[in-house]
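This report concerns only the one structure given below.
The values are calculated or read from the model by the stated rules, or taken from the named source; none is laboratory data. Values in this document were obtained by computation on a predicted structure and should not be read as measured data.
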Amino acid sequence: MLITIVDTNKKKYTKEVAMNTRIENAICEYAESFPYKVLLAKVDNHYRDLRHKITHPCVIELLDMRDNY
């Protein structure tokens, strides 16, 4: 399934992932380039832990310590 990842600088990436992939696994290739550790994700405007499993095509916004939750 296709997901869109929005990084902490609002840059968008599109990625193909399998159903029930954890967010932390889906973002691992992007997370190293961020200035701060990703702490939380917003999946289709709902806050989710990085261990949350992706079950449908969605938009995942990554949040770090600079964001106000």
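Might you let me know whether the range 2-21 holds any residue that is aromatic (Phe, Trp, Tyr) and within 15 Å of residue 57 (Cα to Cα)? Talk me through it step by step, then tell me what you get.
Narrowing the range 2-21 to residues aromatic (Phe, Trp, Tyr): 13.
Next, from what is left, pick out any that are within 15 Å of residue 57 (Cα to Cα): 13.
Looking for residues that are aromatic (Phe, Trp, Tyr) and within 15 Å of residue 57 (Cα to Cα), one finds at least one in the range 2-21, hence yes.
Looking only at the range 28-62, which residues are hydroxyl-bearing (Ser, Thr, Tyr) and either closer than 13 Å to residue 9 by Cα or modelled with pLDDT under 95 (or both)? Before you say what the answer is, go through the steps one by one.
Of the range 28-62, the ones hydroxyl-bearing (Ser, Thr, Tyr) are 30, 33, 36, 47, 55.
30, 33, 36, listed by residue number.
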